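Take a look at the structure below.
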Protein chains: 2
Amino acid sequence: MTSAPRAERPLAFFAFVMNTASHMVHGTWRRADGGQRDFEEIGLWISLAQRLERGGFDALFFADVSGLYGDFRGSWSHHVRTGMQFPTHDPLVTLSALAVSTETLGLALTAGPIQEQPFGFARRMSTLDHISRGRVAWNIVTGGRTNDARNYGLDEPLPHDERYDWADEYLDVLYKLWEGSWEDDALVKDRLSGVYADPEKVHKIHHRSNRYRVEGPHLVSPSPQRTPVLFQAGGSPRGREFAARHAEAQFIAAPRPESARALVTETRALVEAGGRAGSDLLFFQGLSFVVGSTEDEARRKRDELEAEIDLETTIAHVGSALGIDLVGYGLDARLVDVLPDRVNGTRSALTWVREAIGAADPTVADLARLVTGQSRVVGTPEQIADRLAEWRAAGIDGINVINETLPGSYTDFIEHVMPVLRERGLARSEPAAGTLRHRLFGHDRLDDRHPAARHRVSGTPRPGPDSPAPVANGAPSR
Amino acid sequence: MTSAPRAERPLAFFAFVMNTASHMVHGTWRRADGGQRDFEEIGLWISLAQRLERGGFDALFFADVSGLYGDFRGSWSHHVRTGMQFPTHDPLVTLSALAVSTETLGLALTAGPIQEQPFGFARRMSTLDHISRGRVAWNIVTGGRTNDARNYGLDEPLPHDERYDWADEYLDVLYKLWEGSWEDDALVKDRLSGVYADPEKVHKIHHRSNRYRVEGPHLVSPSPQRTPVLFQAGGSPRGREFAARHAEAQFIAAPRPESARALVTETRALVEAGGRAGSDLLFFQGLSFVVGSTEDEARRKRDELEAEIDLETTIAHVGSALGIDLVGYGLDARLVDVLPDRVNGTRSALTWVREAIGAADPTVADLARLVTGQSRVVGTPEQIADRLAEWRAAGIDGINVINETLPGSYTDFIEHVMPVLRERGLARSEPAAGTLRHRLFGHDRLDDRHPAARHRVSGTPRPGPDSPAPVANGAPSR
């Protein structure tokens, strides 16, 4: 089918979903095949997770919110009416059901410090890492929606950079519980002597900081990964600094491969400046796909899809995410007038739009069309493989596959695209095994360069620069 | 086998377990058949839950703690060494894995206000009630251990009665989210009109009280039960007042049937004084069982078991639960000198011991032996059925079956005792179906007399005094 050279390292593939009816591509729940309409049925997720696992995906990744997006036309009615990320069910509880319904699929969830005290969150995540035998990842978010804040006792969200300070402090507690409270050989279970665990090897953490006082010890014995694989998606300067310090993988939405390459290079420099190796941080690009057996068929499907997309809800979503009620502006309003000059990433949104459409003065309509279509790759399986090879060449480690319909977007990808990707070495051919971190980095626990490692106590092994090479798309070759 | 008359209503049976190695009967994890030793293996719980379901149990109930028990011999080493409720994994995450591994078994967990903000807890429980199709129960606890408090940012636990005030406030928020935020017909899912939910029928709750400000709306659409079945176990005056107001079932540990009868009568009077029906509150007695094919065999097994029980850890457990380090006292110290005069139920503990052993002046050794053996019913299946008939006649609605070994204690009970109980009408014969609340009370949602009902908004049906009769051990016949 193709004579392209076999790529060095396969990409990792995550299915990017949300426990809701209308996640990213709005309006498609209305399609006959829009299974997300009944997202409260756990059977939908179990069958999807099993298909993904069999089909060669590495993980199922749940986005999440803790409240409504900001108002549109002065109220939240539109969000409820269109199911725009509302209602939305708890991903952590859902992932436990999926953990026992799958064997090897990675299970990633989104959560942030506003939701729960670190002691309880650490315990729940460790429990899930035990249940899944080391397949858990956590996408760390810092919030920012007003309704989220008001659901958790605050009047307004904290200012952007303070939210990252809070997350730094939250992680500090978690690292002590996950990495520092139990030594690796503390669990004895000796029937003869009656020693269940060795008290000399279990430690209270006695954490005291600005927001948290936590005595410990951690209530859960070391799980396969201890700390879950840490993902982060922040694009602001403070967000990238945070990612460079803590994250093992970053979700990005680069408008094109060359901008991804610049972002990867810049962020890896930050990672190295902080004393970690550049290859300690992986990059996952978000993309959606429309597959046809011919280019014409793919375009026809794309046109059909675009006619079904709810553009108004897309504007509501994007505007709310940017903190502005975009409906106050006409579709031909200039973005430079619409996006206020504030620290929370909106100027970079303008840059992003300019770069993506190649126009100096984009409009609101350009933005909406861009959001619904920019991340979409349309073509035959071979054409899609060509595009993915470009992303790979730009330094991307994995793809976060956005869906239009559940499970259709993933079954299409698995049936038609995956075989070509495997043939070209762009997707792994061998079955998955072991912990999620081992698959991504070649070791089960955080490496020794990570800031969590300094909380380890005697007896905990420290996978470091000399740890074994990763089995899949890992770091050493970079 | 027996000519005893068929009882009017069957008892409900809950398996009382904890996500830990040493829950109630300490030392038995050392037995070859002590499967709880490997409690972190989810396979243990899945296979247990499936056995319980097939064997006619109504629910699996997880006890829980949020930290260590108080010191024994001046430290917490003993608890770690003997696995005394440490480590212990999160029950909520675990129950989701069990929900998709079973069809009809009720799933009960223990949690309290200290662990999580009400907004997030409401969301997790609603998610679990969706996943399990309405099989969730919640045992409301108010905490009291110092380490629990220190894991969640407090220096010391709040005083006993204030903890109940806190729980009252917590429940108030939960009721608004579970019962008042979504009308029953708010979820539309109309593909043609594009209306996913009706904004007129989804409400913010705008809660403001001493500890909580929660805007809402609830992020989850109405689950089969909305509010999970509410259990409570407090025995203090304030605890019983709380149970009379909120609980649908109370776990008790009466020393004998006649004291259970008195407790049931007294508490039901409190329930009625608050405007609910006495039958709105069910009573579950905690008991363990040693079954033999002859009385001699049962006694032999009992003696063997008692030789294996770790009496020291039992003293550590009981002392810590009472807030005193009992090792400071000799085994022959008089309990009247040991138990301080405080409000937190310790005087009632003395009364309980006196009544259970029929002695006016019990010792520490009496207490320890009592705790390890008092709740144990030893005999042939027929003898056990006789004893359970006495508890039933005293007004008990269900049995919380304590285990010595997992899964052995339950497989013994299921194989040998359940058939006799079914024959005598003491256990249900028909297969379980529907929501847990429907099985216990004959309706899926809280009845109209419950304090949560006043938060309902137009459109929510109110099962009241005229609601259909329960299918199993329900209320109306009392």
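For the reader, a short list of remarks on this structure follows.
- A:H246 vs. criteria over 30 Å from A:D58 (Cα atoms), at pLDDT 95 or above and either away from every other protein chain (no Cβ under 14 Å) or open to solvent by 10 Å² or more (accessible area, probe 1.4 Å) (or both): no
- Any hit, the range A:259-277, residues being open to solvent by less than 10 Å² (accessible area, probe 1.4 Å), over 16 Å from the mean Cα position of the chain (by Cα), of a type in the set (D, E) and modelled with pLDDT of 95 or more: no
- Output for the range A:154-168, where each listed residue is surrounded by 17 or more Cβ atoms within 10 Å (Cβ to Cβ) and within 13 Å of another protein chain (Cβ to nearest Cβ): A:P157
- B:R145 falls short on exactly one of the conditions (1) within 14 Å of chain A (Cβ to nearest Cβ); (2) at pLDDT 95 or above; (3) more than 21 Å from B:A108 (Cα to Cα), and that condition is (2).
- Residues that are open to solvent by 10 Å² or more (accessible area, probe 1.4 Å) and more than 10 Å from chain A (Cβ to nearest Cβ), drawn from the range B:217-234: B:P224, B:A233, B:G234
- Hits in the range A:86-115 (condition: open to solvent by less than 10 Å² (accessible area, probe 1.4 Å) and either at positive phi or among the charged types (D, E, K, R) (or both)): A:D90
- For the range B:387-408, the criterion of being more than 21 Å from the chain's Cα centre (by Cα) and closer than 18 Å to B:R54 by Cα is satisfied by no residue at all.
- Answer from B:T110, B:T127 - the residue that is polar (S, T, N, Q) and either in contact (Cβ under 8 Å) with a residue 60 or more places away in the chain or over 27 Å from A:P91 (Cα atoms) (or both): B:T127
- Residue tally, condition in a helix (DSSP H, G or I) and under 18 Å from the mean Cα position of the chain (by Cα), over the range B:280-299: 1
- Pick from the range A:9-27, criterion in contact with a helix residue (DSSP H, G or I) (Cβ under 6 Å, 6 or more places away or on another chain) and over 22 Å from A:N139 (Cα atoms), ranking: farthest from the other protein chains (Cβ to nearest Cβ): A:H26
- Any hit, the range A:71-78, residues being within 25 Å of A:Q232 (Cα to Cα) and either within 10 Å of chain B (Cβ to nearest Cβ) or touching a strand residue (DSSP E or B) at 6+ places or on another chain (Cβ under 9 Å) (or both): no
- Any chance B:D448 is of a type outside the set (A, V, I, L, M) and in contact with a Pro (Cβ under 9 Å, 6 or more places away or on another chain): yes
- Scanning the range B:169-183 for residues that are of a type outside the set (S, T, Y) and within 14 Å of another protein chain (Cβ to nearest Cβ) yields a count of 8.
- Those helices (runs of 4 or more DSSP H) lying entirely in the range A:361-478 with at least 3 residues open to solvent by 50 Å² or more (accessible area, probe 1.4 Å) and modelled with pLDDT of 95 or more: A:381-393, A:418-423
- Out of A:L282, A:L174, A:L287, sole residue that is within 30 Å of B:F72 (Cα to Cα), in contact (Cβ under 8 Å) with a residue 40 or more places away in the chain, touching a helix residue (DSSP H, G or I) at 6+ places or on another chain (Cβ under 8 Å) and open to solvent by less than 20 Å² (accessible area, probe 1.4 Å): A:L174
- Scanning the range B:58-85 for residues that are open to solvent by less than 10 Å² (accessible area, probe 1.4 Å) and part of a helix (DSSP H, G or I) gives B:H79, B:V80.
- Among the residues listed as B:T102, B:T127, the single one being at pLDDT 95 or above, among the polar types (S, T, N, Q) and farther than 17 Å from B:F57 by Cα: B:T127
- Residue that is farthest from the chain's Cα centre (by Cα) [pool: residues in the range A:13-57 that are in a loop (DSSP other than H, G, I, E, B) and within 19 Å of A:F251 (Cα to Cα)]: A:V25
- Qualifying residues in the range B:128-141 (those that are farther than 16 Å from B:Q232 by Cα and away from every other protein chain (no Cβ under 11 Å)) - the one surrounded by the most Cβ atoms within 10 Å (Cβ to Cβ): B:R135
- Residue that is nearest to B:F86 (Cα to Cα), among those in the range A:86-127 that are in a helix (DSSP H, G or I), facing chain B (nearest Cβ under 7 Å) and small (G, A, S): A:G120
- Taken over the range B:42-70, the residue count meeting the criterion of being within 8 Å of chain A (Cβ to nearest Cβ), within 23 Å of A:H203 (Cα to Cα) and either free of Cβ contacts under 8 Å to residues at least 60 places away in the same chain or of a type in the set (S, T, Y) (or both) is 1.
- The single condition from (1) farther than 20 Å from B:Q85 by Cα; (2) open to solvent by 10 Å² or more (accessible area, probe 1.4 Å); (3) of a type outside the set (K, R) that B:F13 fails is (2).
- Whichever residue in the range B:198-216 is within 8 Å of another protein chain (Cβ to nearest Cβ) and surrounded by fewer than 23 Cβ atoms within 10 Å (Cβ to Cβ) and, among such residues, is nearest to the chain's Cα centre (by Cα): B:Y212
The values are calculated or read from the model by the stated rules, or taken from the named source; none is laboratory data. Nothing here was measured: the structure is a model prediction, and the numbers come from that model. We place every Cβ from the backbone using ideal geometry, glycine too, and count neighbours over all the protein chains shown. Surface areas here come from the heavy atoms of the whole protein model, side chains and all, with no ligands, DNA or RNA. Shrake-Rupley method; radii C 1.70, N 1.55, O 1.52, S 1.80 Å.
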